[in-house]
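Let me begin by presenting the structure, written as structure tokens, before commenting on it.
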Amino acid sequence: MEKEEDVYKRIGKNIAAYRRNAGITQAELARKINYSDKSVSKWESGNGVPDVLVLMRLAELFGVSVNDLVGESPKERASNTFMRVMVLLISSALIWLIATATFVAMKIFASAHGAWWLVFVYAIPANAAMLAVFATAFRQRTTRFVSITVLIWGVILSTFLTSLVISKNNGTAGAGDLWFIFLLGIPLQVAETLWFCLRRARARQKALYGGTDGNELLKSAEEADKERSA
């Protein structure tokens, strides 16, 4: 968890940046929100933070969200997003490199007539599982949802095709009742969709009150009220 002073400094830095972008001084901003310029200076220097209501007023004034004020700066977010995308792409490339190498090796050193194309099918859920892990670590809800969706149906597809190949090799070719396995994906997909919607709703609620820093902001409310009356 971040230190309180780091949170204060980040919020102050964001307020200062958005104020400059708006082309107003600390004194002008203070008048707009009915606070003293000393309070604005204190916030921007990281020695305190405004209360939640003031943050909402500032967000409205600057045309941004409260989460923009308390979160990372746009440049930091862009840099982090680029690095995370690169990690996902490189990791995915490794999965498919391994799948391709396995396919080529099996074609050369094993039976050329084997169903080695299945390694590419298996790579789909493997890749999805890896992306889901990284997406969870990076707190990328949409990427995680898509990855788990692909994982669910990828595992089912892999199971179906593997069973089909085995049936063919045993002389009992035909999908038969194997396609019923896809019905398993329906409740799993519904559960994942509902969970995604729940997490998204909770995230929006947190964003409204400053995200994970809401506790720190609420604790400063009493101090900010005293400053306002000063």
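The values are calculated or read from the model by the stated rules, or taken from the named source; none is laboratory data. On a predicted model such as this, the values are computed, not experimentally measured, just so you know. Cβ coordinates were reconstructed from backbone atoms using ideal geometry, including for glycine residues, and neighbour counts include every protein chain displayed.
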In the set VAL104, VAL40, VAL52, which member is more than 30 Å from VAL133 (Cβ to Cβ) and modelled with pLDDT of 90 or more?
VAL40
List every residue pair whose Cβ atoms lie under 6 Å apart, where the two residues are 6 or more positions apart in sequence or sit on different chains, the first residue falls within segment 1-18 and is among the basic types (Lys, Arg), and the second residue, located anywhere, is modelled with pLDDT of 80 or more.
LYS9/GLY46
Just checking, which of VAL7, VAL64 is at pLDDT below 85, under 27 Å from the mean Cα position of the chain (by Cα) and either farther than 30 Å from PHE134 by Cβ or not in a helix (DSSP H, G or I) (or both)?
VAL64
Exactly one of LEU55, LEU29 is of a type in the set (A, V, I, L, M), part of a helix (DSSP H, G or I) and more than 23 Å from LYS3 (Cβ to Cβ), and that one is LEU29
Among the residues of segment 97-117, are any of a type in the set (Phe, Trp, Tyr), farther than 26 Å from PHE160 by Cβ, exposed (fewer than 13 other Cβ atoms within 10 Å of the Cβ) and assigned by TED's automatic domain parsing to the domain that holds ILE148?
yes
